[in-house]
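Below: one structure, written as structure tokens.
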């Protein structure tokens, strides 16, 4: 008989998050059972809590939340060769089908059959135990902690963003938004060799963190500021037009600023999705040949993330502002939701043996 000693954080509906015991799953073929170590809270987790949906993904049944996770292998399913009991791993949350055209092209994040943790109807990994496809579990070297392992997921989004934007040496990069994704994008852009990075946000404390993490310039934006004034401020501060602009917010204002501030012949990378539809300055794209690329999650980026963290080129632990025990997970979610000026990356330590000391 399966044990029910699997404390999980389950979203039942809007503003209805509960701690409850579930069955410990059995790993299927090509899966491993993980004793979860650390899970980070993402803005998308909060969005599901507040709105019950993100775009076409609608919560219509109780769902275990969480997708930024790491853990230790406690059981290996049939067919698994590269992992064994005791291995510590980072979890890539999206399990692709490997059969569709997108998968065969290597674009697994676009797979129509992907099962992504904590995206309805798929359960997430914020539980004591979680079964996951072994091909999407990456063994951690000894010098990477479980805390850092959980942060490889957001870092991989930053890597995918900078890869899609061909960010490199000589680039002057504008990043709109100093939330977790904006900050990992900053870390990645600097690691990829960007010459200058300027970061914009509405919250000074987040800009202070961006400066601490290596931003060359930060600009506090007034919520009522006009786009023309913001664009002028960016160019005056940077000393030139950005060659690459990355919108990690996704409001109409930030998208318009990104497009119009970018150098002729440059590139805009859209990551954030705060509004489903925006009024887009299409003439700027046509007359100035500004390229626009979208970013959806990440793909094939975990090896690079592991290398950046293991080599010391990127310090993801500097993003962590709050730590909570599993039993205090509901408090952790409330903190992330209500303290945007203070809570950048909130980690939940699932392992019952963890303590602040």
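How large is Rg over Rh for the chain, taking Rg from the Cα atoms and Rh as the Kirkwood inverse mean of 1/r across Cα pairs?
On the way: Rg = 20.3 Å, Rh = 20.9 Å.
Taking Rh as the inverse mean 1/r over Cα pairs, Rg/Rh reads 0.97.
The largest-to-smallest principal axis extents of the Cα set in the range 162-294 are 37, 33, 28 Å. One decimal place: the segment residue 28-residue 195 gains 55.4 nm when fully extended, by the rule 0.36 nm per residue minus the C-alpha distance. Model label sites at residue 107 and residue 286, defined 7 Å from Cα along the beta-carbon direction, differ in position by 2.5 nm.
Here each label is just a point 7 Å from Cα along the line to Cβ, and for residue 325 and residue 78 those points are 4.1 nm apart.
Treat the count of other C-beta atoms within 10 Å as a stand-in for reagent exposure and order 54, 348, 175 from fewest to most.
54, 348, 175
Remark: spin-label model distance residue 225-residue 275 equals 1.7 nm, labels positioned 7 Å along the Cα→Cβ axis. Here the range 173-207 is scanned for amide nitrogen atoms under 14 Å from the site 7 Å beyond the Cα of residue 240 along Cα-to-Cβ, giving 173-174, 194-198.
Arrange the peptides 229-237, 16-24 so that the one whose residues have, on average, the most other Cβ atoms within 10 Å appears first. Please report the intermediate quantities before stating the final value.
Details: 229-237: 16.4, 16-24: 14.9.
So the order, starting with the most tightly packed, is 229-237, 16-24.
For the range 1-75 versus the range 117-185, the spacing of their alpha-carbon centroids is 17 Å.
Give me the orientation-averaged projected area of the Cα convex hull of the range 1-143, in nm², one decimal.
Details: hull surface 37.3 nm².
Approximately 9.3 nm², given one-decimal rounding.
Cut-off 20 Å, label point 7 angstrom out along Cα-to-Cβ of residue 97: give me the residues of the range 273-299 whose amide nitrogen falls inside. Under cut-off, by backbone N: 296-299.
Arrange the following residues from fewest to most other Cβ atoms within 10 Å of their Cβ: 148, 339.
Lowest count first: 339, 148.
If you fit an axis through the alpha-carbon atoms of helix 180-191 and take the longest principal axis of the Cα set of the chain, what angle between them do you get, 0 to 90°, nearest 10? Once rounded, one gets 70 degrees. Structural descriptor for the range 69-191: relative contact order 24 percent, calculated from alpha carbon pairs under 8 angstrom and at least 6 residues apart.
Our estimate of slack between residue 351 and residue 5, defined as 0.36 nm per intervening residue step minus the Cα-Cα distance, is 123.3 nm. The angle between the Cα long axis of helix 227-238 and the main principal axis of the chain comes to about 90°, on a 0 to 90 degree scale. Taking Cα atoms only, the orientation of helix 252-261 departs from the longest principal axis of the chain by about 50 degrees.
Every number in this text was worked out from the coordinates using simple rules, so none of it is lab data. Please read all numbers here as calculations on a predicted model, not as lab measurements. Positions of Cβ are backbone-derived with ideal geometry, glycine not excepted, and every protein chain shown enters the neighbour counts.
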